[in-house]
1. Determine, yes or no, whether Thr97 is under 30 Å from Arg134 (Cα atoms) and part of a loop (DSSP other than H, G, I, E, B).
2. Could we say that Val172 is among the aliphatic types (A, V, I, L, M) and closer than 30 Å to Ile60 by Cβ here?
3. For Pro57, indicate whether it is at negative phi and not assigned by TED's automatic domain parsing to the domain that holds Val152.
4. Go through region 98-122 residue by residue and tally those that are surrounded by 11 or more Cβ atoms within 10 Å (Cβ to Cβ) and either touching a residue at least 40 places away in the same chain (Cβ under 8 Å) or of a type in the set (Ser, Thr, Tyr) (or both).
5. Give me a count of the residues in region 150-175 that are without any contact (Cβ under 8 Å) to a residue 60 or more places away in the chain, outside any helix (DSSP H, G or I) and either in contact with an Asp or Glu (Cβ under 7 Å, 6 or more places away or on another chain) or not polar (S, T, N, Q) (or both).
6. Of the residues that sit in region 123-163 and are surrounded by 15 or more Cβ atoms within 10 Å (Cβ to Cβ) and of a type in the set (Val, Ile, Thr), which one is farthest from Ala4 (Cα to Cα)?
7. With Glu104, Glu143, Glu147, Glu120 as the choices, which residue is touching a strand residue (DSSP E or B) at 6+ places or on another chain (Cβ under 8 Å) and not hydrophobic (A, V, I, L, M, F, W, C)?
8. Among the residues of region 1-47, how many are farther than 28 Å from Thr58 by Cβ, of a type outside the set (Phe, Trp, Tyr) and not in a loop (DSSP other than H, G, I, E, B)?
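The values are calculated or read from the model by the stated rules, or taken from the named source; none is laboratory data. Remember, it's a predicted structure, so these values are computed and weren't measured experimentally. Because the Cβ atoms are built from the backbone with ideal geometry, glycine has one as well, and the counts that use them run over all protein chains shown.
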Amino acid sequence: MTSASHIKESVGNVIDHYSNNLDQAKDAGPQVTAKMEEGLRCRVVAPDGTSIVTDMPTGIGGGGSAPSPGRLFRASLASCDATLVTLRAAQIGITLTSLEVTVEGDPDDVGVLGFLGIDESIPPGEHGIVIRFRLGAENATSEQLHELVAWVEAHSPVGDSVRRAIPSQAEVEIV
């Protein structure tokens, strides 16, 4: 297990490096490639060979063998925020004793109507999300923990991408 002091030192080194080498701060992030395996089961592979598998629920024709892409979307946000809480806590000297981040979709979400083309006026994506932070620390007040979460919400890369409409374009190659 990585210690808080190791995380703090590592973050400090990265901050020092990029503060002194702004030209190296650009990073598009590694591409990922999704390939359909069977039915609605999909394997997503990164250049380093790591992979994630998704599948749709059986009710919509999938095999239910893996999380859906929507569940991984929420998992991405939850894990990004949990990671950033841990990273920032180590950086500022807060010793966490517990941490859970739960991301839940809007219970009134009717995006399936848009996703399936039933009602083109309804956006197909999430219509809202709630992020719940449950955390404790041995050396921080409630106010300090609220400030920590506020900092994370302002700096979470996945959270920022969710809250801010980012440009995207589709390129098609017919083979």
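1. Details: under 30 Å from Arg134 (Cα atoms): yes; part of a loop (DSSP other than H, G, I, E, B): no.
For Thr97, the condition - under 30 Å from Arg134 (Cα atoms) and part of a loop (DSSP other than H, G, I, E, B) - is not met.
2. Numbers: among the aliphatic types (A, V, I, L, M): yes; closer than 30 Å to Ile60 by Cβ: yes.
It is true that Val172 is among the aliphatic types (A, V, I, L, M) and closer than 30 Å to Ile60 by Cβ.
3. Values: at negative phi: yes; not assigned by TED's automatic domain parsing to the domain that holds Val152: yes.
Yes, satisfied.
4. So the count comes out to 1.
5. 10
6. Residue satisfying both the conditions and the ranking: Ile129.
7. Details: Glu143 fails: touching a strand residue (DSSP E or B) at 6+ places or on another chain (Cβ under 8 Å); Glu147 fails: touching a strand residue (DSSP E or B) at 6+ places or on another chain (Cβ under 8 Å); Glu120 fails: touching a strand residue (DSSP E or B) at 6+ places or on another chain (Cβ under 8 Å).
After applying the criteria, what remains is Glu104.
8. Within region 1-47, residues that are farther than 28 Å from Thr58 by Cβ, of a type outside the set (Phe, Trp, Tyr) and not in a loop (DSSP other than H, G, I, E, B) number 19.
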